[in-house]
Amino acid sequence: MSEVTSGIIIFDLCQTVGMTICLIITIPFASFVYFKLLFVSPFAENFTFKLIVVNGIMGLLYAVTYLIFIQLATFPFMFDFYTLIQNNGLVTIIAVINTFFGEISLYSAFFVAMNRLKTMLFLRLKGNDSIFFMVSMICSFVLSLPAIIDLCTFTSLTYIPYHFNDTSIMIPNSKSLHIISNIISFVLSLATLVINIILVVFLAKERQFFKKTLNIQFNAEKGLIITNVVSYVFYMLFFVNNILARTWDIPLSATAQWLFLALSSITPFWCLFVFAPSIRRMALNKTDEIVSDITSSMDFLDIFDLFNTIFISITLLITFPFAFFVYGKLLICKAYSGNFTFVLIVFNGAMELLTCFSYIFVYQLTTFPFMYKFYTYIIENNLGNTISIYTKISFTNVYNEEAVDYIVNGLGFHSAFFVALNRLRTIWYFQRRGNDQRFFYMSIILSFLLSSIRVFDLYLASNQYYTKVNFGFGPIYIPRMESIDETLTTISDVEIALVTCATVAINVVLPVLLIRRRNQLDLTNRKTFKAEQGLIITSFVSYVFYTLYFVTGAIGRYFSLSFFGYAQFLFLGLASVTPFWCLIIFASSIRRFAFNGGGNSVLTTVFDLVNTAIISTSLLITIPIASFVYYKLLFCPPYKNNYTFALIVFNGSVELLTCFTYIFVYQLTTFTFIHSFYKFIIDANLGNIIRAFDYFINGLGFHSAFFVALNRLRTILFEKRGRDSAFFFVSLLFCVFLSTIRIIDLFVASSQYYKEFNFGFGPIYLPKIETYNIIVRTISDVEIAMVVCSTFIANFFLGVLLMKKRKYLECSDRNRMNAERGLIITSFVSYTFYILYYVNGLIGRYLNYKFCGYAQFFFLGLACMTPFWCLIIFASSVRHFVFNIKFGHHLTTIHHNVIHAFICDADLSFENMHK
């Protein structure tokens, strides 16, 4: 029986990892294709494809929510997460979200099949099916209501803790009959199956009755019908498996539920991609029949590239401080510092992060116009040599920075192989104890030697350079490579392919060997083996992402598919951050040690000091530059009478002031040198006053960000020209009013104070809070949560509306739309950093993670400075106005006057000397 249980556990782990990776691969490609189906002609005007896209998106969202809220519940590392959900009464809410996506996915699949049948029966009928689409959406929503009402009223949903073998997991449990919703789902599932069978029969028999003029249209319909039928077959497997699990209590069927659900969620997209050639050509830009204007296609790739860059960069910013903290503990603290296995793991993780960081600067940011001067500066300062300059295109060598990227990339890539080899060696000789010092040094030396092959190829056998081009939106650099001698390049490619295959093979062998060794161990070695299991899963999962990056690069390189070139950074970013996050998730001993174990005080103090120094220095740099820019926007034409920019300036100024007040109210309290300052504040009873000021400033910045997004949304929807003075003053009034809620809570419903502590290095003060009346605090928390969600939704719709409006504009309005796009990207990116600050605060508050409390100032600093820097980076008109037009003219005038005066003085001196 234990062997059967172990087999089911292994199967559950493999299917969870495998299907999650399939989802991670599918979601970015599906987002790209679905986005083009919604907004690129001729598909944008076709409501049939809108219905197909809704069905596909709902299926993917259902799989994601099922993974997070149900599938991962059986994994011990998620126990704290589900305990948090259970304790805060969130089980019903997440069940409603999951059920809603599942029901809409099921019912929209029925209406897609109905639409295909209707189209085949009336093939000569022209139309865009807008009425059918609206009716389908309304009916799908209405049919999903019984299941949602049942969850909210008649169902008892809980997570039940289950303990075995010194581990704890949560098991979802519900008590409900679901009679009405089950009947509806059962009937519609069978109806959809019957319709798909009819479609197959109709497709096979009726083709001969169509005239030749309708054969092309029939072929297009055939692709959509095959897509619908094949994808629904996978849903029926999920449906039947669910019945088996619920009716006959078969454990394997219950475990395999996620497998069939994930397959049924990703097949609609891949079947659409495989069987509908017109959509495939549109997605891959194989012909000009689908998209007549190539710039339209480039717009979508640029948008994907932009959001891809933002997403991975934000993920890196989140990962860096946590990785710094955890890797620092593994290197410094006694329990792990003498273990060279963990030193090798830390080395690999650090190199992977540096690989992504170097890739950003060497390749990713080169295609953004705002970085053009940065790369020009690098080239002009002997980091590259300009070898030829033409009128529109110039070629520039970039050996030094690419050599650094090659070395870091190679060290990360090869050290991953040695980490896997180390795990294999440890499992093979499990009884052998040691700290693997010799293996570590050999791994580093060999990694460096193998990485140097590409560096030699760079300097000796290839010509790698940046090509300067201009597509009309500003000059950019594009990396290029020309091989002079293929020998070293071939050796390098073969070596990389061999190491990749070897690492994949080792990571495949490791789980098999792990299972075989487990049965041979006695109980005394089980805990050590469990820790080893976590490290092996970490090695396997993290390297899978690198394999995806490697395969994507090979496809983009040899098949010349543009999208794969743009997606390269996405998979590299995922491959770089997964070694750290997999270590935290799957190695429970490291997770407990990193966040709960000893040694926290020294490392958190160092992190707090470095964090304070970096953000404070950045703030000191930002404030004078921002003051200059904001002053010009307020008082210099053409922006001085524009209340939209007045609102943006107000938001940016208040955000900077928020960070400044946070430093004095909270951040510096943990430093002993400022103890006397806070003692003076406490003795003078100024504590509540400065906290009230901090709350007020924070509220102004937080709410004004919402009104900035609302203003941009209003401008895009109504294209209204004007100064927006009424909107500006109404926004300020609402900001002031909504910001007073927390001040009322401070003075009426809570007691906030500084408490003195001494941890051996001097007295410090820590902020404390005691809530007397939870009502005002709850109102404040709900209001903040609603504004956060509303601002995020507004920024999301801004991007969608921007693309819809863009294609209807005349060429004369494109420049204004480009300027608007810069402001929208500024609003979206800067608010994303505030979301990070907000979520980090929730984690620290409800999960009691001390490190999140220390990291709060880091995320607040980023959230407060990004509105200004995003405005400079993404709003090119503002950047040119501030730094190139007026300011540049004044500097030129001053420079000219100084030179003129110097020449006059020189002439006078020469005359006097001559006399």
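The values are calculated or read from the model by the stated rules, or taken from the named source; none is laboratory data. None of these values were measured; they are calculated from a predicted model. Methodologically, a virtual Cβ is constructed for each residue, glycine included, from the backbone with ideal geometry; neighbour enumeration extends over all protein chains shown. These area figures cover heavy atoms from the full protein model, side chains too; ligands, DNA and RNA do not enter into them. Shrake-Rupley method; radii C 1.70, N 1.55, O 1.52, S 1.80 Å.
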From the set of residues in region 19-60 that are modelled with pLDDT of 80 or more and among the small types (Gly, Ala, Ser), which is surrounded by the fewest Cβ atoms within 10 Å (Cβ to Cβ)? Ser31
Subset of region 740-757 [touching a residue at least 24 places away in the same chain (Cβ under 8 Å), more than 21 Å from His703 (Cβ to Cβ) and open to solvent by 70 Å² or more (accessible area, probe 1.4 Å)]: Tyr753
Out of all the residues in region 76-88, is one or more in contact with a helix residue (DSSP H, G or I) (Cβ under 6 Å, 6 or more places away or on another chain), aliphatic (A, V, I, L, M) and buried (at least 19 other Cβ atoms within 10 Å of the Cβ)? no
Quick check, is Tyr639 over 22 Å from Asp694 (Cα atoms), more than 29 Å from the chain's Cα centre (by Cα) and surrounded by 16 or more Cβ atoms within 10 Å (Cβ to Cβ)? yes
Failed criterion for Tyr546 (all others in (1) at pLDDT 75 or above; (2) open to solvent by 70 Å² or more (accessible area, probe 1.4 Å); (3) under 30 Å from Lys36 (Cβ atoms) hold): (2)
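Quick check, is Ile496 assigned to a helix (DSSP H, G or I), among the β-branched types (Val, Ile, Thr) and either crowded, with 17+ Cβ neighbours inside 10 Å or at pLDDT 80 or above (or both)? Steps first, please.
Details: assigned to a helix (DSSP H, G or I): yes; among the β-branched types (Val, Ile, Thr): yes; either crowded, with 17+ Cβ neighbours inside 10 Å or at pLDDT 80 or above (or both): yes.
Taking the combined requirement at face value, the residue satisfies it.
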What is the number of the single condition among (1) open to solvent by 50 Å² or more (accessible area, probe 1.4 Å); (2) under 21 Å from Tyr359 (Cα atoms); (3) in contact with a strand residue (DSSP E or B) (Cβ under 7 Å, 6 or more places away or on another chain) that Asn463 does not meet? (1)
Taking first residues from region 608-623 that are at pLDDT 85 or above and assigned to a helix (DSSP H, G or I) and second residues anywhere that are crowded, with 18+ Cβ neighbours inside 10 Å and among the small types (Gly, Ala, Ser), the pairs with Cβ under 6 Å that are 6 or more apart or on different chains are Ile615/Gly861
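With Phe439, Phe473 as the choices, which residue is modelled with pLDDT under 80 and either open to solvent by 20 Å² or more (accessible area, probe 1.4 Å) or more than 21 Å from Thr503 (Cβ to Cβ) (or both)? Give the derivation first.
Details: Phe439 fails: modelled with pLDDT under 80.
Matching residue, one of Phe439, Phe473: Phe473.
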Is it fair to say Phe69 is under 30 Å from Phe304 (Cβ atoms) and either open to solvent by 20 Å² or more (accessible area, probe 1.4 Å) or of a type in the set (A, V, I, L, M, F, W, C) (or both)? yes
Just to be sure, is Phe671 at pLDDT 85 or above and either open to solvent by 60 Å² or more (accessible area, probe 1.4 Å) or over 29 Å from the mean Cα position of the chain (by Cα) (or both)? no
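Across region 160-190, what is the total count of residues that are part of a strand (DSSP E or B) and at pLDDT below 80?
Step one: list which residues in region 160-190 are part of a strand (DSSP E or B), which gives 160-164, 167-175.
Now restrict to residues that are at pLDDT below 80: 162-164, 167-175.
Number satisfying all stated conditions: 12.
Ala109: among the aliphatic types (A, V, I, L, M), at pLDDT 80 or above and within 30 Å of His163 (Cβ to Cβ), yes or no?
Numbers: among the aliphatic types (A, V, I, L, M): yes; at pLDDT 80 or above: yes; within 30 Å of His163 (Cβ to Cβ): no.
No: the conditions fail for Ala109.
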Return only the number of the condition from (1) open to solvent by 30 Å² or more (accessible area, probe 1.4 Å); (2) modelled with pLDDT of 75 or more that His889 does not satisfy. (2)
Might you check whether a residue that is surrounded by fewer than 19 Cβ atoms within 10 Å (Cβ to Cβ) and in contact with a Pro (Cβ under 9 Å, 6 or more places away or on another chain) occurs anywhere in region 253-263? no
Residues that are among the polar types (S, T, N, Q) and either modelled with pLDDT under 90 or not in a helix (DSSP H, G or I) (or both), drawn from region 706-743: Asn711, Thr715, Ser725, Ser739, Thr740
Look at Ile537 and say whether it is under 19 Å from Leu13 (Cβ atoms) and either at pLDDT 75 or above or among the basic types (Lys, Arg) (or both). no
Does region 78-87 include one or more residues that are under 18 Å from Gln15 (Cα atoms) and either among the β-branched types (Val, Ile, Thr) or in a helix (DSSP H, G or I) (or both)? yes
Based on what the data block shows, is Thr99 farther than 24 Å from Ile21 by Cβ and assigned to a helix (DSSP H, G or I)? yes
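Are any residues in region 292-305 modelled with pLDDT under 75 and either assigned to a helix (DSSP H, G or I) or buried (at least 19 other Cβ atoms within 10 Å of the Cβ) (or both), and if so, which ones? Spell out how you get there, then give the answer.
Applying the first criterion (modelled with pLDDT under 75) to region 292-305 yields 292-304.
Ile294, Thr295, Ser296, Ser297, Met298, Asp299, Phe300, Leu301, Asp302, Ile303, Phe304, listed by residue number.
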Which one is modelled with the lowest pLDDT among residues in region 319-342 that are open to solvent by 20 Å² or more (accessible area, probe 1.4 Å) and touching a Phe, Trp or Tyr at 6+ places or on another chain (Cβ under 6 Å)? Tyr336
Report every pair of residues separated by at least 6 positions or lying on different chains whose Cβ atoms are under 9 Å apart, first residue within region 770-781 and under 18 Å from Leu738 (Cα atoms) and open to solvent by less than 60 Å² (accessible area, probe 1.4 Å), second part of a strand (DSSP E or B) and among the small types (Gly, Ala, Ser). Val776/Ser750; Arg777/Ser750
